Amino acid sequence: MSRLVVVSNRVGVPDRKDRGAQGGLAVAMYAALRRHSGVWFGWSGEVSEHPGAASFREADGFTIATIDLTPDDYDEYYNGYANRSLWPLFHNRMGHTAYDRLYDRGYFRVNARFAHAMAPHLREGDLIWVHDYHLIACAEELRRMGTSNRIGFFLHIPFPPADLLLTLSSHEALVRGLFAYDLVGFQTEADVRAFRDYVVNEAGGVLHGDGSLEAFGRTIRTGAFPIGLDLDEFRALAASPEASRQERRMHRSLAGRKMMIAVDRLDYTKGVDNRFLAFERLLADYPEHHGNLLLLQIAPPSRGEVPEYEAMRGEVEHVCGRINGRFAHVDWVPIRYVNRGYPRRTLGGLFRAAHVGLVTPLKDGMNLVAKEFAAAQTEEDPGVLVLSRFAGAARELEGAVIVNPYDPAVLMDAMQRALNMPLGERRERRDAMSAALRRNTVADWRDRFVSALRETPRTLLGGG
Ligand code: ADQ
């Protein structure tokens, strides 16, 4: 059987003692890597002046191979191009996008370094699966070195409309880089369409009748592979003694009040401030909620070295402080704003204690928090999910109340509707979401992608 080589910016490291602390994606990868005696290749998380060759260690049934980055790599490739250029642009946040040649060069240099560090360890027949926006240009360098293996790429974040992508000087180099793969997967059909649109209209490419795309002298396959959840695992976590303890603790602290919950990395794509503004309107328009409803926002800071994140954090704190100052009583504060992360089993308990889950990103590739909230709900008394139409998850979770997160009045109405929804409707919606989660688990996602890559026609393979 062919080996599987997974390549991503950061590698997952299995934790035998606490499986529930790890995301479903990492766990799904471990299973595939074990089955295929594979290798997971990525950045060690270390920055050093003189990084050497890749270092290897055996994990639980597979191999982890990592390289260090130099301080310049870290600034230009990681904080720079990946997180200040690609991330905002691919989430339609042009105002946050940095345009900097130094970042461009750093990105392509580090992508080439990944390829060079990896190439000596590849074997004929290895299936190579590269993940996400950090490493788009990796395969092109592998091809230059003569690698003819099947190489697949999966983009976890959205693919932007052509007009936005064209604002990056390196737009063509990026898309040409994607044509070095054999299979390029996206979260949704809308992302696939955006990619095809660029290729056909801006790169003179051709969409063939069998769905393959030809440009830059190569023909590749593309497709939507929406990422799923390990439903049984998350349900088991949400029903675990630790989760139940959290749930009881939260009920005690609520003392009969209702709770809406939101859980995000603190990121300007997640729409935290819009959510707070909608909540402020709700409190202003419906005084019956005063003293009887609170919003729990869990938002651990991320990417603190990127200036746009610092600015956004200040803005969110300002809005939160204003709302709490405006409405709080001595015995009730409307927003509980928590800047730390919690293990997934704790989140499972909190999701069960909540009446409403607010997942309202301005743009999101998928958003697994939405799926986790839906998975945690019980049949007896399910909470309602309010979900942004701009999250990939909205395409599958039709049982959610789907909203436009930009319009505070729409978001406020959705909150009010969710808070007052009768049990029968909540159950119907919960069942619809469970069925959707069951149809497409993270294992299905992984297996569909790996099979599609394995089945790439031989005729399409090769260098160039
Ligand atoms: P992220 O932007 O990181 O991922 P998301 O999918 O929402 O976002 O979360 C991934 C995991 O992180 C989930 O398992 C979630 O529970 C956990 N997480 C998020 N916020 C947390 C918090 N405050 N505390 C603890 N855990 C938290 C990117 C894309 C997404 C896509 C995923 C997977 O941006 O759109 O769904 O990859 O493809």
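Values quoted throughout were computed directly from the atomic coordinates according to the rules given, and no laboratory measurement underlies them. Treat the numbers as computed from the prediction; the structure is a model and nothing was measured. Backbone-built Cβ (ideal geometry, glycine too); neighbour counts: all protein chains shown.
Dividing the alpha-carbon Rg of the chain by 2.2 N^0.38 Å yields what?
Rounded to two decimals, the normalised Rg is 1.00.
For segment 232-439, give the share of DSSP beta bridges that are antiparallel, in percent and rounded to the nearest 5; count only bridges with both residues there. Kindly include the intermediate steps, with their values, before the conclusion.
Details: 1 of 22 bridges.
In segment 232-439, approximately 5 percent of DSSP beta bridges are antiparallel ones.
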**OP:** Would you work out if segment 232-439 is rounded, prolate or oblate? Take a ≥ b ≥ c from the square roots of the eigenvalues of the alpha-carbon gyration tensor; rounded if a/c is under 1.5, else prolate when a/b is larger than b/c, oblate otherwise.
**Re:** rounded
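As an exercise, use a Förster radius of 35 Å and the Cβ-Cβ distance of Arg35 and Ala173 to find the FRET efficiency, rounded to the nearest 0.05. Each step should come with its number before you reach the end.
On the way: r = 35 Å, r/R0 = 1.00.
Between Arg35 and Ala173 the formula returns 0.50.
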Original post:
Just how many pairs of Lys in the chain have C-alpha atoms closer than 27 Å, counting pairs that are eight or more places apart or on different chains?
Top reply: 6
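When ranked by the protection proxy of mean other Cβ atoms within 10 Å per residue, highest first, what sequence do the peptides 311-323, 3-15, 38-50 form?
Numbers: 311-323: 16.0, 3-15: 19.8, 38-50: 17.5.
Ranking the peptides 311-323, 3-15, 38-50 by packing returns 3-15, 38-50, 311-323.
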Original post:
Which of Tyr99, Thr63, Ala115 sits closest to the plus end of the dipole of segment 53-132, meaning its Cα is farthest towards the positive end, when Lys and Arg get +1 and Asp and Glu get -1 on the C-beta?
Top reply: Tyr99
**OP:** Along Cα→Cβ, 7 Å out, is where each label goes; now give me the distance between the ones at Arg144 and His208 in nm to one decimal.
**Re:** 2.7
Original post:
Counting only the backbone N, which residues of segment 57-92 are under 11 Å from the spot 7 Å out from the Cα of Ser48 toward its beta-carbon?
Top reply: 67-70
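So how much slack lies between Arg109 and Val338, counting 0.36 nm per residue of separation and subtracting their Cα-Cα distance, in nm? Please report the intermediate quantities before stating the final value.
On the way: separation 229, 0.36 × 229 = 82.44 nm, distance 3.81 nm.
Separation in residues times 0.36 nm, less the Cα-Cα distance, equals 78.6 nm.
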**OP:** With label points built 7 Å along Cα→Cβ from the Cα atoms of Arg439 and Asp331, find their separation and express it in nm.
**Re:** 4.8
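Once the Cβ-Cβ distance between Lys258 and Ala432 is put in as r, and R0 is 35 Å, what FRET efficiency do you end up with, to the nearest 0.05? Don't jump to the answer; show the numbers that get you there.
Numbers: r = 23 Å, r/R0 = 0.65.
With R0 = 35 Å, the Cβ-Cβ based efficiency is 0.95.
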Subject >> Fraction of beta bridges assigned by DSSP in the chain that are antiparallel (%, nearest 5) >> reply: 20
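Using the beta-carbon distance between Ala236 and Val13 and R0 = 25 Å, what value does 1/(1 + (r/R0)^6) give for FRET efficiency, to the nearest 0.05?
Using R0 = 25 Å, I get an efficiency of 0.70.
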